[in-house]
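The values are calculated or read from the model by the stated rules, or taken from the named source; none is laboratory data. Remember, it's a predicted structure, so these values are computed and weren't measured experimentally. Using ideal geometry, Cβ is built from the backbone for each residue, glycine included, and neighbour counts are taken over all protein chains shown.
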Amino acid sequence: MTVEKREECHRKVTAFVVKRLHPFSEVEAPTFRDMLFTLNPNYTPPTRDYLTNHLIPSWYEIEKSNIITELSEVSHVALTSDGWTSIAQDHYLTVTAHYLVEGKMRQKVLQTKAVYKAQTGIVIAEEIADVLTDFGIFDKIVAVTVNNAANMDVAIHRLQFVKLGCFAHTLNLAAQSLYSLAIMSQWIAKIRALVVWIKRSSMAKTVLQEKQAILSKTH
């Protein structure tokens, strides 16, 4: 196998792992390696260590360079950003760019980064600013969509960007406020009891399907 062909195979394996969200250890799974051996006995797939420390970082730099080049030809960019905490209690912040190329919408996740600092508006503003500067689009931002958290308000105000509140988050807050209404609490309790009953009883599922058939609302 030529060096060029081996590198091409490495890129395909990397894309398979990354785009399908497989664990990096997948490349060392016996069944995976056996499959590749069957397809091409001359190809030796990368180890987990080589994938982690060489192939993925190299691919990332290429993809990042391509995005920077594409964004350099765009005049206006909108952002969405959100933060969350993982099960391991690590906090992450994601910044995504939205823009038009020849009339077609493009979305690119610019960065998902662990942030080991207090999630103040100042810290969030600094993190977002670093990403935008890195990709050369700080002066192209027309609006940023974030949730309604106070620290996000401070961050966007500090960056002097136009803020668009997340509709889904606003809708969720509105729905949550309905729980305080007595009449809604009664209906919610009844619906919850019905759902629990259906989930716990196979007979209930059968009854539900029969009622759906009668109402011609089968799915």
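Can Glu26 be described as surrounded by 13 or more Cβ atoms within 10 Å (Cβ to Cβ) and out of contact with any Gly (no Cβ under 9 Å at 6 or more places or on another chain)? Taking the combined requirement at face value, the residue satisfies it.
The set of residues in the stretch 97-121 that are surrounded by 16 or more Cβ atoms within 10 Å (Cβ to Cβ) and either within 16 Å of Ser75 (Cα to Cα) or not assigned by TED's automatic domain parsing to the domain that holds Thr133 (or both) comprises Ala97, His98, Tyr99, Lys108. Taking Val77 as the residue in question, decide whether it is touching a residue at least 60 places away in the same chain (Cβ under 8 Å), in contact with a Lys or Arg (Cβ under 6 Å, 6 or more places away or on another chain) and aliphatic (A, V, I, L, M). Yes: the conditions hold for Val77.
Out of the residues in the stretch 142-177 meeting the condition of being part of a loop (DSSP other than H, G, I, E, B) and within 20 Å of His98 (Cβ to Cβ), tell me which one is modelled with the lowest pLDDT.
Applying the first criterion (part of a loop (DSSP other than H, G, I, E, B)) to the stretch 142-177 yields 147-149, 160-162, 166.
Restricting the remaining residues to those that are within 20 Å of His98 (Cβ to Cβ) gives 147-148, 160-162, 166.
Values: Asn147: 89, Asn148: 86, Gln160: 95, Phe161: 95, Val162: 95, Cys166: 83.
Of everything passing the filter in the stretch 142-177, Cys166 is modelled with the lowest pLDDT.
Consider Ala114 carefully, then state whether it is under 18 Å from Thr96 (Cα atoms), in contact with a His (Cβ under 8 Å, 6 or more places away or on another chain) and modelled with pLDDT of 85 or more. Judged against the criteria, Ala114 is a match.
Taking the stretch 123-154 as the search range and keeping residues that are over 20 Å from the mean Cα position of the chain (by Cα) and touching a residue at least 60 places away in the same chain (Cβ under 8 Å), which one is surrounded by the fewest Cβ atoms within 10 Å (Cβ to Cβ)? Among those that are over 20 Å from the mean Cα position of the chain (by Cα) and touching a residue at least 60 places away in the same chain (Cβ under 8 Å), it is Gly136.
Give the residue, chosen from Gln160, Gln186, that is on the phi > 0 side of the Ramachandran plot and either without any contact (Cβ under 8 Å) to a residue 40 or more places away in the chain or not assigned by TED's automatic domain parsing to the domain that holds Gly121 (or both). Of the residues listed, the single one that is on the phi > 0 side of the Ramachandran plot and either without any contact (Cβ under 8 Å) to a residue 40 or more places away in the chain or not assigned by TED's automatic domain parsing to the domain that holds Gly121 (or both) is Gln160.
Taking the stretch 54-81 as the range and being surrounded by 14 or more Cβ atoms within 10 Å (Cβ to Cβ) and touching a strand residue (DSSP E or B) at 6+ places or on another chain (Cβ under 6 Å) as the test, the residues that pass are Ile67, Val74, Val77, Ala78, Leu79, Thr80, Ser81.
For residues that are among the polar types (S, T, N, Q), closer than 15 Å to Ile141 by Cα and not in a strand (DSSP E or B), tally how many sit in the stretch 58-96. It would help to see each step written out before you state the result.
Start the filter on the stretch 58-96 by keeping residues that are among the polar types (S, T, N, Q), which leaves 58, 65-66, 69, 72, 75, 80-81, 85-86, 89, 94, 96.
Those still in the list that are closer than 15 Å to Ile141 by Cα too: 72, 75, 80-81, 96.
If we keep only those that are not in a strand (DSSP E or B) too, we end up with 72, 75.
Residues that pass the stated criteria total 2.
For Pro41, state whether it is surrounded by fewer than 16 Cβ atoms within 10 Å (Cβ to Cβ) and more than 28 Å from the chain's Cα centre (by Cα).
Working: surrounded by fewer than 16 Cβ atoms within 10 Å (Cβ to Cβ): yes; more than 28 Å from the chain's Cα centre (by Cα): yes.
So Pro41 passes the test.
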